[in-house]
Amino acid sequence: MTDPAAADAAAPHSGWRRALPVVISLVILAMALRALSAEFSTHGYAAIRHAFRDISLGQVVLTLVLGLSSYACLVLFDAIGLHRSGRQLHPARIAITAFLAHTVGQTLGFAALTGGAVRLRGYGQVGLNLGEIGQVVLVSTLGFAFGAWVLLGLALLLEPAAAALALPLSVGAVQIAGAALLVGFGVMLVAVGRQGRTLRIGSHALWLPDYRTVLGVTVLSVIELGLASAALYVLLPPIPNTDYIGFVGLYLVAVVAGLLSTVPAGLGVFEWSLLKLLPGVAPAALLAAALVYRITYYVFPMLLALLMAAATGLRRPVSRGTVAARAAWLTLRPWLPQIIAIAVFAIGAALVIEGTLPMPHRWEGVAPLPLVETSHLLSSLGGVALLLIGQGLQRRSHAAWVLALAICIALPLPAWLRGGHIPVALSALLVALALWVSRREFYREGALLDEAWSWPWLRNLGLVLVATVWLLFFVYSHVEYQRELWWQFAISGNAPRALRALLLVAVAVIAFGLARLLHSTRRPLDPATDAELDTLAPILAGGADTQASLVLTGDKALLRDEAQRGFVMMQRYGGSLISMGDPVGPPEVARALIWRFREEADRLGLRPVFYQVGDQHWQTYLDMGLTLVKLGEEAVVPIAGFQLEGKERAELRQAFNRGKRSGLSFRMLMPEDVAPALPRLEEVSRQWLEDKAGEEKGFSLGSFDPSYLVRFPVAVVEFEGRIVAFANVWRAPAGGELSVDLMRHTDDAPKGTMDYLFVELFLWGAANGFQRFSLGMAPLSGLAQHRLAGRWSRFANVVARHGERFYGFSGLRRFKSKFMPQWRPRYLAAPGGMHLPAALLDVTRLISLDPKRRDPD
């Protein structure tokens with residue numbers, strides 16, 4: 001069993017570590033595109049279009065068949081991995097999950113991770129554990145590695161001339177390298193033997209299966225890679241001095257270069273590598289072939305997945321269909337939002353990129369110029385909107401669904417009128433159909449501006465924008481820039497039209513980003529009414545934690561269980577739905593309410609955050625995938641039979657006697673006696689706030705609100721016949737706990753008044769049968785001090801050390817320590833990664849809001 005404090009180590013990585021791969025990908029793409037453009041003259045785009053027309057329909061159909069056959073082999077890798085684990089799954093589930101895993105992995109890059117995530121959900125639904133799913137991923141990854149190993153060795157050995165042209169090696173040296181690769185593979189087969197073997201490189205271990213499995217996946221991989229390379233080979237013109245087997249080796253080098261670049265699908269890097277490896281092929285012909293290859297090998301499988309999603313979204317036919325149809329639906333359903341999100345992003349990218357391309361000459365005169373110009377701008381604007389809302393679809397946002405559906409229905413006509421490609425317009429309609437039939441999957445409420453962006457999504461957006469800017473300069477490299485271009489309006493004015501479209505795209509992205517930065521919050525949830533709060537009295541009376549009394553502040557919404565035995569007090573801020581403490585109620589009710597709260601956050605499209613929770617439900621928080629970070633420790637003083645006698649109570653006894661000698665007296669006002677004293681209590685509170693130069697806080701603290709104070713006893717300290725200090729008292733009779741919320745005193749109260757007040761409260765609590773007294777939390781205290789402690793602990797210790805002059809972390813701990821308390825930890829439970837600092841910021845801002853000034857709009 002793991003202690004919650006161990007979750008400190010799950011604190012998020014630094015922002016720059018997450019941003020660095022994004023920046024590297026963008027830089028690599030920019031460099032690759034720059035290198036590609038250097039291979040052409042000023043009319044490179046025209047040459048590529050001419051080469052594109054030279055590719056026949058038969059070649060396109062053949063490459064499509066070869067590509068789909070390659071995907072069929074990829075599916076078999078999963079079947080082999082599942083067979084080794086001894087698990088029998090429905091063939092439809094295996095086929096669909098494997099197809100989606102490889103489609104996503106091939107398109108987004110990092111196939112082992114992205115494809116592994118698809119398998120984790122697809123196979124995890126039917127009971128496969130992480131080890132069994134990991135074995136499937138391992139078989140697929142090793143298959144590619146072994147197949148590429150053998151194919152490259154064969155290519156270098158049998159067709160050395162092709163590699164010798166691209167490498168600074170002689171033909172003989174190339175053949176020796178190929179033979180060495182094949183011999184090395186044979187040695188590896190012998191080494192793994194009948195049982196397999198674990199190879200260790202430093203602290204890393206790699207398990208290799210037995211030689212029969214290795215041979216099986218290698219043969220399958222050789223066939224798969226042969227089909228994938230053939231899909232590109234049939235699109236190319238004859239290659240001088242290079243046959244098919246020689247081309248396979250060069251193709252593998254380009255594929256590996258694309259994988260190492262970290263750019264999704266090796267965009268740009270793959271093409272540049274082929275240009276360098278195949279100097280005998282005209283650059284225009286090679287790039288035209290690569291474009292068709294990408295459409296058939298990457299885009300078409302994604303459209304096929306979208307068609308499958310649309311088909312299985314029709315629930316009634318599926319429910320009446322065969323077992324295979326139901327298995328397909330159950331497999332695809334969890335991935336409908338992700339598939340549609342990727343498709344929407346692809347359509348958006350196509351529309352934005354189309355905005356930079358010249359209008360075909362056959363289109364001139366088809367539509368009036370004002371209509372063409374307007375359609376051009378609308379299509380680009382709609383395309384960038386689809387790019388920006390794609391992640392909202394991935395997170396099942398209903399608002400994103402409405403917007404995407406409207407754009408995909410409205411855009412095909414403007415895209416066609418501006419001379420766009422008909423397949424793009426038809427694909428938008430297909431996406432609209434998939435959105436409609438899958439409408440029940442997009443149920444989360446919330447504003448798009450509150451969606452937290454992931455770094456991979458930002459990277460993909462950046463890649464599209466970099467490619468669009470490069471394409472604009474590449475296509476119109478023969479056009480000299482002039483300021484008059486912005487104002488030229490003509491059917492043949494493609495360059496000015498592309499400039500205006502790119503400007504609109506840039507403005508839309510900047511405006512969206514600024515709106516996200518400026519949109520810090522949203523309308524809060526409606527707080528519970530006084531009548532609703534009155535119904536909580538039985539639950540509060542049966543509670544064991546006085547923190548539950550915070551519900552009576554009146555600034556929080558309620559989430560109740562069906563039997564009305566418990567509740568969650570919560571509020572939303574920014575992108576977070578925040579629970580104040582653990583749910584209140586019996587343990588079994590509290591656990592159920594934790595999941596209910598998680599479902600409510602999911603419905604609203606917000607991150608679930610539990611603030612200041614104890615350690616009684618930490619397993620439930622971890623089970624739902626949340627990260628626990630320690631906020632500090634709560635001081636709890638045992639007061640059963642509390643007395644001032646004894647050496648250990650000397651300091652408290654002195655404070656109590658000093659207060660008595662100063663003329664202080666203590667009185668407990670019962671709730672029915674509080675109202676007459678409110679004017680004086682308000683004066684004390686006002687003086688205290690002015691002296692502290694502060695404002696009322698909210699959410700985790702009460703404020704001076706008469707309707708709130710009259711619900712509790714109020715302890716007052718009087719001096720010379722007037723109240724100089726007070727504290728409202730929280731009670732949890734069932735748990736024998738006593739605590740205070742507001743503690744206010746005047747600036748002229750005698751020194752030691754608050755110490756006197758606490759001692760009197762301890763004595764009063766002990767006399768009335770209470771067992772303990774909570775002094776509240778000491779923030780950022782009790783954290784691990786070890787040099788190997790988690791990142792959060794190290795960061796929080798630095799904040800506590802250097803922020804002492806602003807808050808007094810150690811001073812508060814020392815003040816509470818003199819009452820000899822027991823310390824119990826308090827945690828924040830929230831999603832990890834980038835969500836954790838955002839959750840902390842949302843909680844901090846919510847607490848800092850003055851309830852009296854909170855804007856309900």
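Just so it is clear, none of the values below were taken in a lab; they were calculated from the coordinates. What you see is a predicted model; the values in this text were computed from it and never measured. Because the Cβ atoms are built from the backbone with ideal geometry, glycine has one as well, and the counts that use them run over all protein chains shown.
Provide the packing ranking of 828-837, 556-565, i.e. peptides ordered by the mean count of other C-beta atoms within 10 Å per residue, highest first.
Working: 828-837: 19.9, 556-565: 16.5.
Highest-to-lowest ranking by the protection proxy: 828-837, 556-565.
Most exposed first by the Cβ proxy, i.e. fewest other Cβ within 10 Å, how do W595, W470 rank? Display every interim value, and only then the final one.
Values: W595 14, W470 19.
Lowest to highest Cβ neighbour count: W595, W470.
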(message) Explain nothing, just compute: Karplus ³J(HN,Hα) = 6.51 cos²θ - 1.76 cosθ + 1.60, θ = phi - 60°, for every residue of the range 223-239 in order, whole Hz, x for Gly and Pro.
(response) 5, 5, 5, x, 5, 5, 5, 5, 4, 8, 4, 6, 8, 8, x, x, 9
(message) Can you give me the long-range amide H partners of G566? Hydrogens built in the peptide plane at 1.01 Å from N, cutoff under 5 Å, separation of 5 or more residues or another chain.
(response) D561
(request) Post the alpha-carbon centroid distance, the range 621-660 to the range 385-414, in whole angstrom. (result) 55
(request) Give the Rg (one decimal place) followed by the Dmax (whole number) of the range 493-613, computed from C-alpha coordinates and expressed in Å. (result) 21.4, 77
(message) If each residue of separation counts as 0.36 nm, what is the full-extension length gain between E651 and M188 once their alpha-carbon separation is subtracted?
(response) 159.1 nm
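Ranked highest first by average number of other Cβ atoms within 10 Å, how do 526-532, 375-381, 342-348 line up?
Details: 526-532: 13.3, 375-381: 23.4, 342-348: 25.9.
Output ranking for 526-532, 375-381, 342-348: 342-348, 375-381, 526-532.
Any of K647/K751; K660/K751; K556/K816; K556/K697 with alpha carbons more than 19 Å apart? Name them for me.
Numbers: K647/K751 23 Å; K660/K751 12 Å; K556/K816 28 Å; K556/K697 13 Å.
Cα-Cα > 19 Å for K647/K751; K556/K816; rest within.
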(message) Cut-off is 10 Å between beta-carbons; in what order do F719, F726 appear when sorted fewest neighbours first?
(response) F719, F726
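Return the FRET efficiency for the residue pair E599, S665: r is the Cβ-Cβ distance, R0 is 51 Å, and the value is rounded to the nearest 0.05.
On the way: r = 52 Å, r/R0 = 1.02.
Working from the Cβ atoms, E equals 0.45.
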(message) What distance in nm lies between label points placed 7 Å from Cα along the C-beta direction at R53 and I176?
(response) 5.1
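Got a sec? How would R813, R194, R649 order by Cβ neighbour count within 10 Å, fewest to most? It would help to have the intermediate numbers written out before the result.
Working: R813 19, R194 7, R649 16.
By the 10 Å Cβ count, ascending: R194, R649, R813.
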